[in-house]
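My structure is below; once you've seen it, I'll send some questions.
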Amino acid sequence: IFISFPFSVPDLVTDMDFSPFDESLLATCSGDETVKLWRLCDPEQEQPSTPELTLRPGQGRLELVHFHPTSSGLLAVSTTNSPLIWDTNRQDGPLSLQNNKDSRIQWARDDLLLTTGFDMVRNSYTYIFYTIIDWFSLMCLLWVSGHQLLCVPLFVFINVSSYCVQMRSREVRLWDSRKLSSSISSVSLGTSTGHLLSVCSDHSLLSISSPPILFYFLNSIAVVSHCLTDTSTRGVAMVPKLSLDVMSCEVMRLLQLTDSCIVPISYQVPRKEFHDDLYPDTAGTTPAMSAEEWWKGGNKQVEKVSLQPDKRPKPKVTQAKQMPAKKDPTRRESKEVRKLDTFPSSISVSNSSAVPSRSPSSTSGLSSGPTSKYRHIQGVVMHRDTHITNMRGLNLTTPGECDGFCVNRQRVAVPLAISGGQIAIFERSQPGRLPETALPTIQNSVNVVDFSWDPFDTHRLAVAGDDAKIRVWLVPQGGLKETLTEPELILQGHTEKIYSIKFHPLASGLLVSSSYDLTVKLWNLETGEQVKVLTGHQDQVFGIAWSPDGKLLATVCKDGKVRIYDPRKSTAPVQEGPGPEGPRGARVVWVCEGKYLLVSGFDSRSERGLYLYSTDSLSSGAIASVKINVSPSTLIPFYDPDTSVVILTGKGDSRVHIYEIVPEEPYFIECSSFNSPEPHKGLAFLPKTECNVRDVEIAVGLMLTKTTIEPVAFRVPRVKKEFFQDDMYTDTAVWWEPALTASAWLSGSNGQHKKISLKPKDMTPVSEAPKEAPVRKYLPSSVYLEEKTDEQKKEELLSAMVAKLGNMDDPLPQESFQGVDEDEWAKYLAQIIVMGAQVVGRAFARALQQEYAASQAAAQARGRTGQQSAAASSITGMTLQEAQQILNVSTLTPEDIQKNYEHLFKVNEKSVGGSFYLQSKVVRAKERLDDELNIQSQQKQQSQENTET
């Protein structure tokens, strides 16, 4: 989780370090010669603006800060004069090391020693000296001069140093801490001006960021692996061991800092499930001793914990004490440590430190938990015959508050980039290629800002212009035959350009609009007058939305507020709460039967996200949120109340995001996304009756591109598609028919849409489908692998011979001849018998020889192949037929095997509801089929050699 902190740091931060025992405790040092300790909050809460503790050494610029690896409350700080040890629980000042101008420090793993390094300029060369400090005797044990240097080295721990020698040649050296007079071994990393960044794990694995990022085994500094990165590395950090995905054999995970992002890099050993030899016990998150015990000479080590999921101890969550902030951070303090009595001496343990997380590089990044029955939803572009093509002159730069185009059951309205605010109308019943000639349009006379079809009249189109007027147009039956220049109605009342317009979902002839004059107005199309003016907005209104029952109106504004109005009772908002922080745009929609508001917007870092608000307590802020990605366009949501699925995309995007919204945690359940071949300019959806329930379509939309309008169906894969999926298709509202008039609604009446079933008469609900007993698709492997006896082989040979000779009981053709004397017939018959006996005898002998030879060759081949196949089945623990059944392949071809393997391995990942057991079955099935392909290849090669011989 990456958080932006509103820290008040007056100078450049030179280093920072998290406590190994409290992931919410962060220490920073900066160029203003101060060390600050910060207590971080949950990502959903506002981060502190002042530190819990400020330390002022007063000994020059601070370079590095490190927490003690075994004791709580101890800090090592590197200054320009000397390294310091701070005990945050003591009243006296820090412990200073004299005669050691230090710029690099690092604790040893056993906490007894501290490695330091400093450089000294002499004769235009820089020398580095290594120091080992025994903190119990406060003596310098050994000084060792290094080589001529041109850049500052970086220490990994006491045994390893990486630096640049003369001529900018970079090296990594391995040192024995008991004998620092010479290094044990070294490796050269070539020449470069960049610094070497290094981290080390419990496996004695060292990662050096050069680039590329190199992976070493420290016993001999042997390269194990390397990773080429796409961008320059600005920093590198290692994820704690307890956060690795041990079930995927992940041994190290690095976070690479680049100029614009943080990239996770996962190192995995190609094995399956958990292996003890890969994961030795690692240090836990509980300190071994207090700072006072360490000062007195204690040498306790942090208790190690197992990384095996079954043996891993459950963390105890303790609430950290809150630190009072300093009232005057600029006040001068003494050089001694200013100790706060409330600073905790024992560090609390957080939940997330012991919960393994999956590497972001694997699949969609979803964690195990509730899954959606729509998680495998598929977006499919329909056949080209349903497309409208050869569209020219489209206006693809509509305002952010406009959806880009709008549709209803019969026609599509698309703005054109032609002077006069022209709008093209296309009939959905007439798909195909548009003619090259000019088409009749609606001439709005001013630029189009937003437009919307009347949900209860497929011929009425409301268009908002930048002249603060709303024009209502009527499209004739059958579509436009000539250009329309006179609207049916013009609504005037706003004093500034209009943002957006929306029709009421229940009452006919009722329209709402928002404008630059910071008002939201309601219009009665029956009278052509404005009936309500809603106030309270301090800035641009990004989006408006009616509640499902038509009683309330929600708005999201650029002033960072989400508001709910009851227009018939008050012109002021009845509820108000904090909205998205980003000023780039937002949309709002009611979800979960009107109990929640879903807002799509931007955070303070311009990252797109979804925010869920409870309509009962809007002032308390969002109860849940999810980050999407970074993109300039606002996500436009479409919510299906029958399935609680929200489909989102932005203008100019090529990806459509899909989530199921549930009224309890985790609130957002991510489903499969849909990617279009090229960026689309808009996506609008049709009524639910347009869905083909026989293909299990839950939504159908129209996608606008630069030159086409293409229907897209969103389908859920189901096995029994011949049945009506009544668990997905609840009775849907007839929202294309009004429940009441505008006058009735304004007078206080409420309505409700009637509902209809989508079930065809000839389909049976899947809930009433007969229960079928499982049928074995394949015979037991013993049937195929069983060797045939000699008697069975003889029987097969005789059956083949009989089939060749034909049926002896069938009448001969000569029996049907007529007009032959009996004597002549007897003569002919004798000749036929003699000749037939000769022919049959020779044919029988030849056929017998052929069948016997073929039978012998087949038996030998089956014997060899059967033995090899049986051996492969024994090794893999799976028969050939079982492997074919698991991967669903009937013909053994490498392409089909690889394709089905990749698909089944991905859909059975644990993060999307599968299990490692199912994945292991898929892997074993592929191994068995690969062995069978090798056996067949060897048999074919041997057969060819025999033929040539």
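Can you name the residue in the stretch 897-912 that is under 12 Å from Lys926 (Cβ atoms) and not polar (S, T, N, Q) and, of all such residues, is least open to solvent (accessible area, probe 1.4 Å)?
Taking the stretch 897-912 as the starting set, the residues that turn out to be under 12 Å from Lys926 (Cβ atoms) are 897-905.
If we keep only those that are not polar (S, T, N, Q) as well, we get 897, 899, 901-905.
Working: Ile897: 2, Lys899: 141, Tyr901: 46, Glu902: 105, His903: 112, Leu904: 40, Phe905: 66 Å².
Selected residue: Ile897.
Which condition from (1) in contact with an Asp or Glu (Cβ under 8 Å, 6 or more places away or on another chain); (2) more than 20 Å from Val712 (Cβ to Cβ); (3) surrounded by 15 or more Cβ atoms within 10 Å (Cβ to Cβ) is the one that Val381 breaks?
(2)
Which residues, taken from the stretch 541-557, are assigned to a loop (DSSP other than H, G, I, E, B) and either open to solvent by less than 30 Å² (accessible area, probe 1.4 Å) or under 15 Å from Tyr611 (Cα atoms) (or both)? Steps first, answer last, please.
At the first step, the residues of the stretch 541-557 found to be assigned to a loop (DSSP other than H, G, I, E, B) are 547-552.
Scanning the stretch 541-557 gives Ser547, Gly550.
Restricting to the stretch 561-583, name every residue that is assigned to a loop (DSSP other than H, G, I, E, B) and touching a strand residue (DSSP E or B) at 6+ places or on another chain (Cβ under 6 Å). Can you show your working first?
Restricting attention to the stretch 561-583, the residues satisfying the condition of being assigned to a loop (DSSP other than H, G, I, E, B) are 566-574, 579-583.
Scanning the stretch 561-583 gives Pro567, Thr571, Pro573, Val574, Gly579, Pro580, Gly582.
State which residue is nearest to Phe638 (Cα to Cα) when the search covers only the stretch 563-573 and only residues that are charged (D, E, K, R) and open to solvent by 20 Å² or more (accessible area, probe 1.4 Å).
Going residue by residue through the stretch 563-573, those that are charged (D, E, K, R) are 563, 566, 568-569.
Pick out the ones that are also open to solvent by 20 Å² or more (accessible area, probe 1.4 Å) and you get 566, 568-569.
Details: Asp566: 23, Arg568: 27, Lys569: 29 Å.
Going through the qualifying residues, I end up with Asp566.
Out of the residues in the stretch 750-771 that are out of contact with any Leu (no Cβ under 8 Å at 6 or more places or on another chain), under 23 Å from Pro687 (Cβ atoms) and in a loop (DSSP other than H, G, I, E, B), state the one that is most open to solvent (accessible area, probe 1.4 Å).
Lys761
While we're looking at this one, here's another question. Which condition does Pro211 not pass, out of (1) touching a Pro at 6+ places or on another chain (Cβ under 8 Å); (2) at pLDDT below 70; (3) part of a loop (DSSP other than H, G, I, E, B), if it passes all the others?
Failed condition: (1).
Select from the stretch 574-604 the residues that are open to solvent by 40 Å² or more (accessible area, probe 1.4 Å) and closer than 30 Å to His753 by Cβ and list them in ascending order.
Going residue by residue through the stretch 574-604, those that are open to solvent by 40 Å² or more (accessible area, probe 1.4 Å) are 574-576, 578, 581, 583-584, 593, 595, 604.
Correct list: Val574, Gln575, Glu576, Glu593, Lys595.
Determine which member of the set Leu848, Leu892, Leu929, Leu918 is touching a Leu at 6+ places or on another chain (Cβ under 9 Å), modelled with pLDDT of 80 or more and in a helix (DSSP H, G or I). It would help to see each step written out before you state the result.
Details: Leu848 fails: modelled with pLDDT of 80 or more; Leu892 fails: in a helix (DSSP H, G or I); Leu918 fails: modelled with pLDDT of 80 or more.
Among Leu848, Leu892, Leu929, Leu918, only Leu929 is touching a Leu at 6+ places or on another chain (Cβ under 9 Å), modelled with pLDDT of 80 or more and in a helix (DSSP H, G or I).
Sort out which residues of the stretch 672-696 are in contact (Cβ under 8 Å) with a residue 60 or more places away in the chain and of a type in the set (Val, Ile, Thr), and write them in order of number.
Passing the criteria: Thr689, Val693.
Let me ask something else about it. Would you confirm whether any residue within the stretch 451-463 is outside any strand (DSSP E or B), open to solvent by 50 Å² or more (accessible area, probe 1.4 Å) and either farther than 14 Å from Cys406 by Cβ or not assigned by the TED database to the domain that holds Tyr499 (or both)? Quick ask: steps written out before the conclusion?
If we filter the stretch 451-463 for residues that are outside any strand (DSSP E or B), which is where we start, we get 455-456.
Then drop every residue that is not open to solvent by 50 Å² or more (accessible area, probe 1.4 Å), which leaves none.
No - not one qualifying residue is present in the stretch 451-463.
Follow-up. For Pro666, state whether it is under 19 Å from Lys373 (Cβ atoms), surrounded by fewer than 19 Cβ atoms within 10 Å (Cβ to Cβ) and under 24 Å from the mean Cα position of the chain (by Cα).
Values: under 19 Å from Lys373 (Cβ atoms): yes; surrounded by fewer than 19 Cβ atoms within 10 Å (Cβ to Cβ): yes; under 24 Å from the mean Cα position of the chain (by Cα): yes.
Taking the combined requirement at face value, the residue satisfies it.
Mind checking whether some residue in the stretch 727-734 is open to solvent by 20 Å² or more (accessible area, probe 1.4 Å), small (Gly, Ala, Ser) and on the phi > 0 side of the Ramachandran plot? Please lay out each step first, then the result.
Narrowing the stretch 727-734 to residues open to solvent by 20 Å² or more (accessible area, probe 1.4 Å): 727, 730-731, 733.
Subset that is small (Gly, Ala, Ser): 733.
Pick out the ones that are also on the phi > 0 side of the Ramachandran plot and you get none.
No, the stretch 727-734 contains no residue that is open to solvent by 20 Å² or more (accessible area, probe 1.4 Å), small (Gly, Ala, Ser) and on the phi > 0 side of the Ramachandran plot.
For the stretch 390-398, does any single residue satisfy the condition of being at pLDDT 90 or above, out of contact with any Pro (no Cβ under 7 Å at 6 or more places or on another chain), in a loop (DSSP other than H, G, I, E, B) and polar (S, T, N, Q)?
Checked against the condition, which is being at pLDDT 90 or above, out of contact with any Pro (no Cβ under 7 Å at 6 or more places or on another chain), in a loop (DSSP other than H, G, I, E, B) and polar (S, T, N, Q), the stretch 390-398 yields at least one hit.
Please go through the stretch 236-273 and pick out each residue that is among the aliphatic types (A, V, I, L, M), under 17 Å from Glu909 (Cα atoms) and touching a Leu at 6+ places or on another chain (Cβ under 7 Å).
Here is the first cut: in the stretch 236-273, the residues among the aliphatic types (A, V, I, L, M) are 236-239, 242, 244, 246-247, 251-252, 254-255, 257, 262-263, 265, 269.
Going one step further and asking which of them are under 17 Å from Glu909 (Cα atoms), we end up with 244, 246-247.
Matches in the stretch 236-273: Val246 only.
Every residue in the stretch 267-298 that is open to solvent by less than 80 Å² (accessible area, probe 1.4 Å) and among the polar types (S, T, N, Q), please.
Hits for the stretch 267-298 are Thr282, Thr285, Ser290.
The values are calculated or read from the model by the stated rules, or taken from the named source; none is laboratory data. Not measured: the values here are computed from a predicted model. All Cβ positions, glycine included, derive from the backbone under ideal geometry; neighbour counts span all protein chains shown. The protein model used for the area step is the full one, side chains on, heavy atoms only, and it has no ligands, DNA or RNA in it. Shrake-Rupley method; radii C 1.70, N 1.55, O 1.52, S 1.80 Å.
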